[in-house]
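> Before we start, here is the structure in question, set down as structure tokens.
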There are 2 protein chains.
Amino acid sequence: MWTSSRYLVALSLATGGAYALFPDCINGPLKNVTICDKSATPLERAKSLVALYTLDEKINATTSGSRGVERLGIPPYQWWNEGLHGIAGPYTNFSKQAGAEYSYSTSFPQPILMGAAFDDELITNVATVISTEARVFNNANRTGLDFWTPNINPFRDPRWGRGQETPGEDPYHLSSYVAALIKGLQGDDSDPYRRVIATCKHYAGYDIESWNGNLRYQFDAQISQQDMVEYFLPPFESCVRSNVGAFMCSYNSVNGVPSCADPYLLQTILRDHWGFNQTEQWVTSDCDAIQNVYLPHEWSASREGAAADSLNAGTDIDCGTYMQSHLPGAFSQGLTNETVLDQALIRQYASLVRVGWFDSASDQPYRQLGWNTVATNASQQLARRAATEGIVLLKNDGVLPISIDSSMKVGLFGEWANATTQLLGNYAGVSTYLHSPLYALQQINATINYAGGLPGGQGDPTTERWLNLKPAIDGSDVLVYVGGIDNGVEEEGMDRNSLQWTGAQLDVIGQLADTGKPTIVVVMGGGQIDSTPIKNNPNVSAILWGGYPGQDGGSAIVDILTGKVAPAGRLPQTQYPSNFISQVAMTDMSLRPSDNNPGRTYKWYNGSAVYDFGHGLHYTNFTVNITSGLQTSYVISDVISNCKSAWLDQCPFASVQVSVQNTGSVTSDYVTLGYIAGEHGPAPHPKKSLVSYQRLHSIPSGSSGTSTLNLTLASLARVDEMGNKVLYPGDYSLLIDNDPLASYEFTLTGGNGTMLEKWPQPPPVREHKSSGYYVGGYGSYQAPVDA
Amino acid sequence: MWTSSRYLVALSLATGGAYALFPDCINGPLKNVTICDKSATPLERAKSLVALYTLDEKINATTSGSRGVERLGIPPYQWWNEGLHGIAGPYTNFSKQAGAEYSYSTSFPQPILMGAAFDDELITNVATVISTEARVFNNANRTGLDFWTPNINPFRDPRWGRGQETPGEDPYHLSSYVAALIKGLQGDDSDPYRRVIATCKHYAGYDIESWNGNLRYQFDAQISQQDMVEYFLPPFESCVRSNVGAFMCSYNSVNGVPSCADPYLLQTILRDHWGFNQTEQWVTSDCDAIQNVYLPHEWSASREGAAADSLNAGTDIDCGTYMQSHLPGAFSQGLTNETVLDQALIRQYASLVRVGWFDSASDQPYRQLGWNTVATNASQQLARRAATEGIVLLKNDGVLPISIDSSMKVGLFGEWANATTQLLGNYAGVSTYLHSPLYALQQINATINYAGGLPGGQGDPTTERWLNLKPAIDGSDVLVYVGGIDNGVEEEGMDRNSLQWTGAQLDVIGQLADTGKPTIVVVMGGGQIDSTPIKNNPNVSAILWGGYPGQDGGSAIVDILTGKVAPAGRLPQTQYPSNFISQVAMTDMSLRPSDNNPGRTYKWYNGSAVYDFGHGLHYTNFTVNITSGLQTSYVISDVISNCKSAWLDQCPFASVQVSVQNTGSVTSDYVTLGYIAGEHGPAPHPKKSLVSYQRLHSIPSGSSGTSTLNLTLASLARVDEMGNKVLYPGDYSLLIDNDPLASYEFTLTGGNGTMLEKWPQPPPVREHKSSGYYVGGYGSYQAPVDA
């Protein structure tokens, strides 16, 4: 194994962290090689290095835990780091000494709650803190410079255990969010060095963990080209347009081909069509996904074939060791060649050039960042604000905001009331602190009667193991229940099999409400749970949704409860009634309604949602007016002829001014949501589609603010069955907010539909190659039938 | 809380165990009360005690963790003890001091493997060891005298996570097994004291843990009366006929009514029809099932109603505290009365009379048992023998038995190869030792190349985290893979959602087989997994099924591999192909085939099983002849008129002699399986039905043994749609063994069907009572539809 060497820039070596060792371009063996020449391009520099590698050294460099090449002074490098909502494991090395430097960082809410803020500027600020803290930990040799975030697959089905990692169900929302995020993670493109490298995952069609025996490792997602372009791919296209540094191919197959071995996805679409083809842009596999190309996908005929097929398709890094183990055999069998391997390595090293890996620390501001820039007061406040901005007020009979003072006795119930790491959700590092609702209420001088629920009681429908509720109920003026679901039922590897409230929770909430005392329910967790029973119960006064609110989540909840902050978050996902999951198999990827599918997302679902996408109440009232920017009729040829963009769909269409008047008595944020609806393009038509949003901050009572909604041709385009984006003549409405609060109707005329973007078609489906000795046993599972 | 008192017989009080304190009938407050009068009947004795209790004291005595009544010298008593395959938690108090007295006991195989032995005598012997060890631990104040075992629900669906706790899928097999078990646990009925009290659970229709959102706590099993009598209830009827001391009612509802609140199940069938009506026979609820009667079942209109409805229906003990909490309210609301409560308590205390709880230790042999009777050499040998008897040889190309000596190099692979507690399955106590296959092979002077799999790797389809296989493969002459499934995928609370081999196992087995070296696969776990790929792979030489083989399971496996013991176990369940679960919802309780159901068990399944129920190869060959006991024709009226039994179905029909000749070269056991088939009674007809079995031991090569199969009228009866047992005229065949190896055809004539047992019909379904404030949210889930 690698040990410290005289050729490496010496950095203090913390336990277990060998990540931030840098090549020494001043005194090391490469000092006179182009890789060390700052005046050369990343391509020239990377090429010069790879040219020095032997074939064995090249093959060894395919793995995410790259060994480096000691004779050349190339240190080991760990490509796998996580940063979903703060820097996190598995290879981020936090100090184990409590309170010590490097023992914690800032832990923001899960994306599902930050998505609910509908505030792109907030997201850029959050991501900037994450990349700053990443740099500090990297400077201390405690993490790498590549982060396998964001998870930007749309939250297609409420059962998905990893939906919490995404900003929600809407592709426009995700596309806008992810652009803001990448800006904060990677920094400005004009910067000579990237802050860190973001990785858009999981490309593509990945949103099932384990459902009825359908495991993510072997699931074959059957997706129409229309749904691909309209729903599954927009966030990834946005990643490319944001110059993201890396992509991750997913475990699953798409239309028969494992993503990591699919030239159509990795070359035709990603690189050729979208232009993810800068020297420093690379693709990693999800972890061990290369082996999955062999088994369970049974795509390649041999282990060597799986390694070669993946490399040939355009997977540049193997999270795992399958390429390392089997590329030697693949080379001797002639299944791939060194040119392809070189290209993968050149991408890797060009990317490390872009983060300054080969350059002197003294020239790089990010390399100067120290511990004093981690978990700053500003970062802590931002984490709290990110949570308050996201929290959604679902129901309120007027009991909220509630002023809690020393005269008040608050009964506090539910498993989440005294939450600790539960607050963080998955992919969390070590947070600065963990402030539960109980902690936050204790900071107010009120009497708290705490009777929290049973940790891990999600499956237990009885209250036998709960604390005794009665004294806390009897002794309180107001009853606050903080519960819902957590990573015990939704998690990586585990999809939900019910949308209902779990365990004995509804029983307890019913008991609380039965008293007639003001009863407030705070629903936690990422996926929505069907809250029909408490929505319909007139004795439940108010309902908040709090997601996974991060390190200061309890404070954020109390900020909203007490009115210190007025709520303005919006549901980033549909809250379906619980029978939704008996109406459609999770494995049915289609969005439009059919005989076996009531339709998915607010655009297509043909049932009645419990709470709609975009729903969110306020403590005040708003009126909205569209003041300028639209005309009643447009001629399509004129609209197009004004367009100078290489991407027609990105051409500006209109800059719509929306005036938002706060007519109530409370200062409040307001999220302006702009939807397009109308009869244009092929039927069926979506009920509406989000095309723009903006969060206005702190509009005082009696005052107004203005949102500018910048519509593009993409705002109006439809996607046809071949996946082409087309601008159709017809009737259009711009709707502001869900009710809507304002609307503007206009028409487009001329032609039968004008192509904005022609979609490359996939090749005919290739033949499945059996591995010979292997006789059945894997392959796609079927869902059970209903009785 | 209760502390030691001068009124109690002083016993050394071990930590946490307050179970074996006994009332002091010599000097205590009750010394002159009938309860202490050994000449009185259990009824008289129990009545005299309950008469002294106040209402509060009575209500406190409804809980499984009974507080006792200090003023009367009645100590606390813990009714909840487990003894599925050895004494076990949660209230059995093993010493924590390794190797010390009371720090371990004998841990036998899981019932699913002991069921495969088809050896009732073995079961009685095992159960006798368990009850002996229970008495020793009770004498040391470390466990109670009531054991909530057996789990005797038939293993209806291979997905069931608790199928491992049962002896298999066949109702006759289970009925015969459970009679043998109860004999060993409770002792002989003529004994003045019972060894311990067994509890037949879960009555009735319980065999789903959590499937597609259908949780056991709220599932409503819709079962026809025909299937109830034919399939779900025979083991429970056998329990009553074996004078079992206790029943447990189940979480689920049956046909709309929660079992624990169902007078039809608890009174009409159990007590009135079957005669479970001795004073000392009681029913406990499953744990917290009384609360479930309220929620999630929403059966009773209030919490008090749930407590009263359950008590009124005939549930005598509440595992939980719901009755304790809510019976006071139920009494004040007039929902139940003291006569019903008295009856429950009289049953409890009469039962304690039967185990000698009130009587002097000096008069009771079981109270004299000490540590030297635990984990004796004989018990240890029995545990090993129980495992070897159960192990089933599924496939053998002649490689087995394999003589392993010092010249041989054995490659050992798979997650189970170095198993520890995995060997035990669920509901295990602390075993005497844990002998893995690796350990057992190491006792032979051979070279072992061990490269076991990844613990907990059931969901991981890659070998990235496995030990390096190559050196172990290359360096070995014979390759042994020990894997399968474990409690990571089948367990209480967790049903399987796939019947396929999990993770990377088939990949690894394929690698082993590809070498052409002799490759032997030992499949572990309770539920069968579809082994089609290795059955069909000619390079896989042999397949054994080993279940959960208990503390000495590794030795047992090696005993079979090496031929020290010849295999004679038979599969106690059908090994379905993996697509079975996409053909029928787990919630479809019906046995017969229909449009949405390929049929269940070997009797009705209309597909091709991978391995059949009853399948099991030997190291020798057997021929079988039916030598006497049957005639070719019977007149039904004659057959009936000879019957003297109160239960016509139990009347002897024939005593069939079967000669079994070992024509091969190896001494071996042989299980004589007797099936009835033929066209008699209403269509559809089952393919065949097991009606008798007997295990012959150690038949030497060239010798023969004789089985006596005692057929009753139940062997010939069919069950009609109303649940009546009827003897029909028609054609009958007695088939011996699966092929079959011998058969005898006979006819019954006369009439159109003669009733053997008229089945009491259930009352019309009662109305569901909503609890008023409670608005939806629970209730039965639906299964997802297939895409």
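> Identify all residues within segment A:729-746 that are touching a residue at least 40 places away in the same chain (Cβ under 8 Å) and acidic (D, E); write none if there are none.
As a first pass, look at segment A:729-746 and keep what is touching a residue at least 40 places away in the same chain (Cβ under 8 Å): A:729-738, A:740-746.
Once the filter is applied, which keeps residues that are touching a residue at least 40 places away in the same chain (Cβ under 8 Å) and acidic (D, E), segment A:729-746 yields A:D731, A:D737, A:E745.
> I'd like the full set of residues that are aromatic (F, W, Y) and within 14 Å of chain B (Cβ to nearest Cβ), limited to segment A:246-268.
Step one: filter segment A:246-268 for residues aromatic (F, W, Y), giving A:247, A:251, A:264.
Of everything in segment A:246-268, just one residue is aromatic (F, W, Y) and within 14 Å of chain B (Cβ to nearest Cβ), namely A:Y251.
> Based on this model, can you work out whether A:Y634 counts as crowded, with 20+ Cβ neighbours inside 10 Å, over 32 Å from the mean Cα position of the chain (by Cα), modelled with pLDDT of 95 or more and not aliphatic (A, V, I, L, M)? Lay out the reasoning, then the answer.
Numbers: crowded, with 20+ Cβ neighbours inside 10 Å: yes; over 32 Å from the mean Cα position of the chain (by Cα): yes; modelled with pLDDT of 95 or more: yes; not aliphatic (A, V, I, L, M): yes.
For A:Y634, the condition - crowded, with 20+ Cβ neighbours inside 10 Å, over 32 Å from the mean Cα position of the chain (by Cα), modelled with pLDDT of 95 or more and not aliphatic (A, V, I, L, M) - is met.
> Which residue, of A:T388, A:T373, is touching a residue at least 24 places away in the same chain (Cβ under 8 Å), closer than 30 Å to A:P23 by Cα and not assigned by the TED database to the domain that holds A:R695?
On the way: A:T388 fails: closer than 30 Å to A:P23 by Cα.
From the options A:T388, A:T373, the qualifying one is A:T373.
> Still on this structure, I have one more. Give the number of residues within segment B:456-484 that are away from every other protein chain (no Cβ under 13 Å) and not charged (D, E, K, R). Explain how you work it out, then say what you get.
Going residue by residue through segment B:456-484, those that are away from every other protein chain (no Cβ under 13 Å) are B:467, B:471-484.
Filter again for not charged (D, E, K, R), leaving B:467, B:471-473, B:475-476, B:478-484.
So the answer is 13.
> Among the candidates B:T463, B:T447, which residue alone is over 24 Å from B:M586 (Cα atoms), of a type outside the set (F, W, Y) and surrounded by fewer than 23 Cβ atoms within 10 Å (Cβ to Cβ)?
Details: B:T463 fails: surrounded by fewer than 23 Cβ atoms within 10 Å (Cβ to Cβ).
Of B:T463, B:T447, the one residue that is over 24 Å from B:M586 (Cα atoms), of a type outside the set (F, W, Y) and surrounded by fewer than 23 Cβ atoms within 10 Å (Cβ to Cβ) is B:T447.
> Moving on to the next point. Within segment B:239-266, work out how many residues are buried (at least 22 other Cβ atoms within 10 Å of the Cβ) and either of a type in the set (S, T, N, Q) or part of a loop (DSSP other than H, G, I, E, B) (or both).
8
> Same structure again: In this structure, does B:N426 turn out to be of a type outside the set (D, E, K, R) and without any contact (Cβ under 8 Å) to a residue 40 or more places away in the chain? Show your work before the answer.
Details: of a type outside the set (D, E, K, R): yes; without any contact (Cβ under 8 Å) to a residue 40 or more places away in the chain: no.
When the stated conditions are applied, B:N426 does not pass them.
> Scan segment A:727-740 and give yes if some residue there is modelled with pLDDT under 95 and of a type in the set (S, T, Y), otherwise no.
no
> Just checking, does segment B:140-156 include any residue being in contact with a Gly (Cβ under 8 Å, 6 or more places away or on another chain), of a type in the set (K, R), part of a loop (DSSP other than H, G, I, E, B) and more than 22 Å from B:P593 (Cβ to Cβ)?
Within segment B:140-156 (the criterion being in contact with a Gly (Cβ under 8 Å, 6 or more places away or on another chain), of a type in the set (K, R), part of a loop (DSSP other than H, G, I, E, B) and more than 22 Å from B:P593 (Cβ to Cβ)), the answer is yes, since at least one residue qualifies.
> Restricting to segment B:599-629, name every residue that is β-branched (V, I, T) and farther than 23 Å from B:L174 by Cα.
Within segment B:599-629, the subset β-branched (V, I, T) is B:601, B:610, B:620, B:623-624, B:626-627.
Residues satisfying the conditions are B:T620, B:T623, B:V624, B:I626, B:T627.
> Anything in segment B:199-219 that is part of a strand (DSSP E or B) and within 12 Å of chain A (Cβ to nearest Cβ)? List them, or say none. Show your work before the answer.
Narrowing segment B:199-219 to residues part of a strand (DSSP E or B): B:199-203, B:210-211, B:214-215.
Once the filter is applied, which keeps residues that are part of a strand (DSSP E or B) and within 12 Å of chain A (Cβ to nearest Cβ), segment B:199-219 yields B:S210, B:W211, B:N214, B:L215.
> Which residues, counting only those in segment B:270-306, are outside any helix (DSSP H, G or I) and among the small types (G, A, S)? Steps first, answer last, please.
First, the residues of segment B:270-306 that are outside any helix (DSSP H, G or I): B:274-288, B:295-302.
Within segment B:270-306, B:G275, B:S285, B:S300, B:A301, B:S302 meet the criteria.
> Got at least one residue in segment B:593-610 being of a type in the set (S, T, Y), closer than 19 Å to B:I736 by Cα and modelled with pLDDT of 95 or more? Steps first, answer last, please.
Within segment B:593-610, the first condition is being of a type in the set (S, T, Y), and the residues that meet it are B:594, B:601-602, B:605, B:608.
Applying the additional criterion that residues be closer than 19 Å to B:I736 by Cα yields B:601-602.
The next check asks that each one be modelled with pLDDT of 95 or more; those that pass are B:601-602.
Yes, because at least one residue in segment B:593-610 is of a type in the set (S, T, Y), closer than 19 Å to B:I736 by Cα and modelled with pLDDT of 95 or more.
> Among (1) within 14 Å of chain A (Cβ to nearest Cβ); (2) over 30 Å from B:P652 (Cα atoms); (3) assigned to a loop (DSSP other than H, G, I, E, B), which single condition is B:L591 missing?
(2)
> List the pairs whose first member sits in segment B:465-483 and is closer than 17 Å to B:D507 by Cα, whose second member is at pLDDT 95 or above and among the basic types (K, R), and whose Cβ atoms are under 6 Å apart, counting only residues at least 6 apart or on separate chains?
What qualifies is B:L479/B:K517.
> Further, regarding this structure: Looking for something surrounded by 20 or more Cβ atoms within 10 Å (Cβ to Cβ), away from chain B (no Cβ under 11 Å) and part of a strand (DSSP E or B) - is there at least one such residue anywhere in segment A:510-520?
Just the residues of segment A:510-520 that are surrounded by 20 or more Cβ atoms within 10 Å (Cβ to Cβ), to begin with: A:510-513, A:518-520.
Right, trim to away from chain B (no Cβ under 11 Å) and you get A:518-520.
Among the residues that remain, those that are also part of a strand (DSSP E or B) are: A:519-520.
Checked segment A:510-520: at least one residue is surrounded by 20 or more Cβ atoms within 10 Å (Cβ to Cβ), away from chain B (no Cβ under 11 Å) and part of a strand (DSSP E or B).
> Follow-up question, since we're still on this one. Regarding segment B:307-320, can at least one residue be identified that is within 11 Å of chain A (Cβ to nearest Cβ), in contact with a strand residue (DSSP E or B) (Cβ under 9 Å, 6 or more places away or on another chain) and either aromatic (F, W, Y) or not in a loop (DSSP other than H, G, I, E, B) (or both)?
Within segment B:307-320, the subset within 11 Å of chain A (Cβ to nearest Cβ) is B:318-320.
Of the ones still in play, those that are also in contact with a strand residue (DSSP E or B) (Cβ under 9 Å, 6 or more places away or on another chain) are B:318-320.
Of the ones still in play, those that are also either aromatic (F, W, Y) or not in a loop (DSSP other than H, G, I, E, B) (or both) are B:318.
Within segment B:307-320, one or more residues are within 11 Å of chain A (Cβ to nearest Cβ), in contact with a strand residue (DSSP E or B) (Cβ under 9 Å, 6 or more places away or on another chain) and either aromatic (F, W, Y) or not in a loop (DSSP other than H, G, I, E, B) (or both).
Every residue, every condition in (1) in contact with a strand residue (DSSP E or B) (Cβ under 8 Å, 6 or more places away or on another chain); (2) part of a loop (DSSP other than H, G, I, E, B); (3) at pLDDT 95 or above, yes or no:
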{"position": "B:G554", "(1), (2), (3)": "no, no, yes"}
{"position": "B:I560", "(1), (2), (3)": "yes, no, yes"}
{"position": "B:V565", "(1), (2), (3)": "no, yes, yes"}
{"position": "B:T627", "(1), (2), (3)": "yes, no, yes"}
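> Let me spell it out: the conditions are (1) hydrophobic (A, V, I, L, M, F, W, C); (2) surrounded by fewer than 19 Cβ atoms within 10 Å (Cβ to Cβ); (3) not assigned by the TED database to the domain that holds B:C260, and B:V340 meets all of them except one. Which number is the exception?
Every condition holds for B:V340 apart from (3).
> Another question, if that's okay. Of everything in segment A:269-306 that's of a type in the set (D, E) and within 16 Å of A:T63 (Cα to Cα), which residue is nearest to the other protein chains (Cβ to nearest Cβ)? Steps first, answer last, please.
The initial filter retains those residues of segment A:269-306 that are of a type in the set (D, E), namely A:272, A:280, A:286, A:288, A:298, A:304.
This time we only want the ones that are within 16 Å of A:T63 (Cα to Cα), so: A:286, A:288, A:304.
Numbers: A:D286: 11, A:D288: 4, A:E304: 13 Å.
So, considering only residues that are of a type in the set (D, E) and within 16 Å of A:T63 (Cα to Cα), the one nearest to the other protein chains (Cβ to nearest Cβ) is A:D288.
> Additional query: Quick one: how many residues across segment B:55-113 are touching a helix residue (DSSP H, G or I) at 6+ places or on another chain (Cβ under 6 Å), part of a strand (DSSP E or B) and in the same structural domain as B:A350 (by the TED database)?
Counting residues in segment B:55-113 that are touching a helix residue (DSSP H, G or I) at 6+ places or on another chain (Cβ under 6 Å), part of a strand (DSSP E or B) and in the same structural domain as B:A350 (by the TED database) gives 2.
> Now, a different point. Could you please find all residues in segment A:321-337 being buried (at least 21 other Cβ atoms within 10 Å of the Cβ) and either not assigned by the TED database to the domain that holds A:L266 or not in a helix (DSSP H, G or I) (or both)?
Across segment A:321-337, the qualifying residue is only A:L335.
> Does A:A134 fit the bill of being part of a loop (DSSP other than H, G, I, E, B) and of a type in the set (A, V, I, L, M)? Talk me through it step by step, then tell me what you get.
Values: part of a loop (DSSP other than H, G, I, E, B): no; of a type in the set (A, V, I, L, M): yes.
Judged against the criteria, A:A134 is not a match.
> Does A:I223 fit the bill of being surrounded by fewer than 23 Cβ atoms within 10 Å (Cβ to Cβ), among the hydrophobic types (A, V, I, L, M, F, W, C) and at pLDDT 95 or above? Lay out the reasoning, then the answer.
Details: surrounded by fewer than 23 Cβ atoms within 10 Å (Cβ to Cβ): yes; among the hydrophobic types (A, V, I, L, M, F, W, C): yes; at pLDDT 95 or above: yes.
Yes: the conditions hold for A:I223.
> Taking the residues in segment B:567-583 that are of a type in the set (A, V, I, L, M, F, W, C) and within 13 Å of chain A (Cβ to nearest Cβ) as candidates, determine which candidate is farthest from B:V610 (Cα to Cα). Spell out how you get there, then give the answer.
If we filter segment B:567-583 for residues that are of a type in the set (A, V, I, L, M, F, W, C), which is where we start, we get B:568, B:571, B:580-581.
Among the residues that remain, those that are also within 13 Å of chain A (Cβ to nearest Cβ) are: B:580-581.
Values: B:F580: 11, B:I581: 14 Å.
Among those residues, the one meeting the criterion is B:I581.
> Within segment A:160-193, how many residues are buried (at least 24 other Cβ atoms within 10 Å of the Cβ) and assigned to a loop (DSSP other than H, G, I, E, B)?
Residues that pass the stated criteria total 8.
> Across segment B:456-495, what is the number of residues that are modelled with pLDDT of 90 or more and not in a strand (DSSP E or B)? Before you say what the answer is, go through the steps one by one.
Filtering segment B:456-495 down to residues modelled with pLDDT of 90 or more leaves B:469-495.
Those still in the list that are not in a strand (DSSP E or B) too: B:469-477, B:485-490, B:492-493, B:495.
The total comes to 18.
> Scan segment B:87-100 and report the pairs whose first residue is in contact (Cβ under 8 Å) with a residue 12 or more places away in the chain and whose second residue is assigned to a loop (DSSP other than H, G, I, E, B) and surrounded by fewer than 16 Cβ atoms within 10 Å (Cβ to Cβ), with Cβ atoms within less than 8 Å and a gap of 6+ or a chain change.
Every condition considered, the pairs that remain are B:N93/B:T15; B:N93/B:G16; B:F94/B:S103; B:S95/B:E101; B:S95/B:S103.
The values are calculated or read from the model by the stated rules, or taken from the named source; none is laboratory data. These numbers come from a predicted model, not from an experiment. Cβ sites come from the backbone with ideal geometry, for glycine too, and all protein chains shown count toward neighbours.
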